[in-house]
Amino acid sequence: MSMDHGPDAAQPPADAVDLTIGDLAQRTGVSTAVLRMWETRHGFPDPRRLASGHRRYSASDVDLVRQVVRRKDAGIRLDVAIAEAAATRPPASPSVFAELRRRHPALAVHRLRKSTLIALSWAIEDECCAVADRPVLFGAFQRPEFYAPSARRWAELARVARSAVVFADGWSGGVDDAEGPVRVTLDPSAPLRREWSVVCDAFDSTACLAAWELPGQSAVPDRERLFEALWTVDPVAVRDAARVAAAVAADAGVAGAPALLDELAAAPAPRATAPAAVTALFNRVVAYVDRLS
């Protein structure tokens, strides 16, 4: 790769924040072909995608690519240099829903009642418990009383999970269950306070539900409240959601969360989503929706 474009090479404006891959190549000296290869093989750099599919980068992406180049020139293996750089970048938003909308604009958004969200959540939780091998799990339930109906399920999930964390606006006494997931109290300004999310990230099974509560529903019965929701089994999208949740946990001081965030900085292992697995999850969703309707 060429590292010197010369003093007369055209450069994007210094204050540009929505850079094309060509702009990124000019600023870093790494060719567009190499940048695409890094993204394919290592999930780095991680661009924002327009609805058209075109990549867009920020000034922080420029700094991270330059960091990788410096480490690589110092003799560090490329995969190690990329993992180090990716681990230093926090998710762009502490909102699981907003981050998925930003990174994956093709995901369909549906307006759903909370009763339907509960059915989707239980289906993901049950399928994860049944098939996932030592998953990383996150759940955002807004308030402790909304989490209570799922507490026993999450206690079971925590026993088989590599890590299990649940978020709400406060917990009675702030004490974790001895064998349950880690409970995190969200900051009063945290976007997750308005969200309902379940994230299951494992090597052999991935699923994510993320929903944002529409404002102005204080007088609406709980299970009739409306949310904008999306869900996916795409390992890349699920990993993006897990990174956001892990960053919130790390900021809250959860032991082990920084190391988990470093682990999640890597791209998920490539794998095909088996139709049978998707069908099994769909069947659970249908059963729970029918039960709760």
- How long is the gain from Asp133 to Arg111 if the chain were fully straight, where each residue apart is worth 0.36 nm and the alpha carbon distance is subtracted? 4.8 nm
- Rounded to the nearest 0.05, what FRET efficiency do Arg48 and Glu228 give with R0 = 22 Å and r taken as the Cβ-Cβ distance? Could you check? 0.65
- Read through the labelled values (i) 56, 40, 40; (ii) 66, 41, 37; (iii) 56, 39, 35 and report the label of the one computed as Cα extents along the principal axes in Å from the structure. (ii)
- Item | Estimated FRET transfer efficiency (Ala266, Ala287; beta-carbon r; R0 41 Å; 0.05) | 0.75
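What trypsin sites (Lys or Arg not before Pro) in segment 30-112 are in a loop by DSSP, with at most 10 other Cβ atoms within 10 Å of the Cβ?
Arg77
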- Note on the structure: Which residues qualify? For Arg143, with a placed amide H closer than 5 Å and at least 5 residues away or on another chain, they are Asp169
- By the scheme Lys and Arg +1, Asp and Glu -1, what is the net charge of all other residues having a beta-carbon under 15 Å from that of Ala280? -3
- When the chain is fully extended, how far beyond the present Cα-Cα distance does Ala155 get from Arg102, taking 0.36 nm per residue of separation? 15.9 nm
- Message: Could you tell me which residue out of Ala98, Ala245, Ala123 lies farthest along the dipole of the chain toward its positive end? Charges go on the beta carbon: Lys and Arg +1, Asp and Glu -1, centred on the Cα centre.
- Response: Ala123
- Message: List residues of segment 54-74, by number, whose backbone nitrogen lies under 17 Å from a label position 7 Å along Cα→C-beta of Glu39.
- Response: 54-66
- Message: Counting only other residues whose beta carbon sits under 13 Å from that of Cys208, what net charge do I get with K and R as +1, D and E as -1?
- Response: -3
- Item | GluC sites (Glu not before Pro) restricted to DSSP loop in segment 179-215 with at most 15 other C-beta within 10 Å | Glu179
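Where a number appears in this text, it was derived from the coordinates with a stated rule and is not lab data. The shown structure was predicted, so the numbers you read here are calculated from the model rather than taken from an experiment. Here the Cβ is made from the backbone with ideal geometry for all residues, glycine too, and neighbour counts use every protein chain on show.
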